[in-house]
1. For THR199 paired with LYS337, estimate the spin-label separation in nm (one decimal), with each label point 7 Å from Cα along the Cα-to-Cβ line.
2. Which of LYS23/LYS171; LYS18/LYS186; LYS87/LYS113; LYS171/LYS281 have a Cα-Cα distance over 18 Å?
3. Considering the dipole of the range 46-87 built from charges on the beta carbon (Lys and Arg +1, Asp and Glu -1) around the Cα centre, which of PRO73, ALA84, VAL61 is farthest to its positive end?
4. Provide the gained length on full extension for the span ARG99 to GLN178, in nm with one decimal, where the gain is 0.36 nm per separating residue minus the Cα-Cα distance.
5. Nearest 0.05, what FRET efficiency do ARG283 and ALA15 give at R0 = 35 Å with Cβ-Cβ as r?
6. Within 10 Å of each candidate Cβ there may be at most 15 other Cβ atoms; applying that plus a DSSP loop requirement, which chymotrypsin sites (Phe, Trp or Tyr not before Pro) in the range 278-324 survive?
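Every number here is computed from the coordinates shown, using simple stated rules; none is lab data. Just so we're clear, the structure is a prediction, and the values are computed from it rather than from any experiment. Note: ideal-geometry Cβ built from the backbone for every residue, glycine included; neighbour counts use all protein chains shown.
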Amino acid sequence: AERRTEEECRLHWEAQGKPLFGKLWSYEEMMSADRPMGFKRGCSSDKKELETPSEWPPDTVIDKTGAWVFWLPEGWRQGVRTSAAGKMLKCYFNPEHRRFWHKKDIERLLGMKLAEREPPPMKEEGEEKSARMRYVTDADSIPDWPSKEDDDWLPKDWRVCFRQLPSGLHKVYVPPGQDEGFLYQKAFVPEYLSGVKTTLSLFGSSRPMKDICKTACERGTSRVGPDGYTGKKKKKRRTGDIHIVGSEDFAPCDDFQVVALPGAAPVELLETSGEVRSLLKERGFPDPQLLAVFRTSPGGPLQPVADLVGGLYTKLSGTYDGRPCYQYVSLDDSGSKLICRGCYIFWVDDRNRWQIGGMQVEKAGYAVCSEDVGLPEAVTSAWTLLKELPVTGGAAEVAAAAAAAGDADAAEIE
């Protein structure tokens, strides 16, 4: 069927009652979905999982790295043929494994014109308009399943759907056996699986963004007006003193260790890691990877910071600045439930260092190491730790804040 225009899509959505949510898609349904003509195959999450059919010529393989042409018919595949001279040419195969080199030949076979790439519409002369608005009722509103590159962070018994926002579509995640609630962000999924997060947003209580904006505006707590977004977010007033720290406020700690488990670590951490790993597996993580952070010779002025960051960290899905990242995890007092903290081990490209603390590049962190290695457990040089925890408002807390101008290592502690 011919694609609707943006205006036709809006009218269709309104005629359907302006639904806030689209269809709940299972993994199997997404993998076998008959996507509309013109669907951009280059955006398909499962492209890299495809295997080259044995019926194809030996000089041709599935194109797993390039963007697939947007007009390729459903069920067809894009390949790359390497000539004897090493030249690479794109080609296309129908479901019967017949090879084609040109779009016009495919159109001749099908007896129809394939989709044409249209230039973006213009607001005024020389001014380009933004991408088309999408609605949950659009025929191509079919979510993609996360790729294996994301380390299978979403279990295959979950479902995915789109939530309608004023700006377009937003993907939400539905746990197995649930028809009433969902998780609004990808980041909530590992927290839910680990037991840290136990609540869901309810489909029935979700409201159109315009209504939410109006309520927030009436309370005077939002950056939005009664009819939608109007400006910058209203800043919260800072409380307490702001302390600036620089490189002189950190000291090397030669016995501070980050070790991949199983490995040489204190007995209590090794014992706890077994329980943590078992609970993570129960929550859907097939092969949890844990790090232990500790000192081999505790004591001295750096011990309060070492105590604060010491413990177990579990590898998160995906990467941060192109390298693995890890979150602090422990057991509750009963030993039967996982607890996560907002403390992470991650690489900061802008500062060229590993850092332990809140996952924000502008923060100073509790512990840092500038050795450029691919994994934090591969570090061989000494970590440097914050010398002391400032007391703010009567409580000891580290909240390393935005770096001061003119000093790449300076940061605030509130």
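1. 1.4
2. Details: LYS23/LYS171 11 Å; LYS18/LYS186 25 Å; LYS87/LYS113 29 Å; LYS171/LYS281 25 Å.
Distance filter (> 18 Å) returns LYS18/LYS186; LYS87/LYS113; LYS171/LYS281.
3. So the residue we want is ALA84.
4. 24.0 nm
5. Working: r = 42 Å, r/R0 = 1.19.
Computed FRET efficiency for ARG283 and ALA15 comes out at 0.25.
6. On the way: sites: PHE294, TYR313, TYR320; in loops: none.
For chymotrypsin sites (Phe, Trp or Tyr not before Pro) across the range 278-324 that sit outside H, G, I, E and B with at most 15 neighbouring Cβ atoms in 10 Å, the list is empty.
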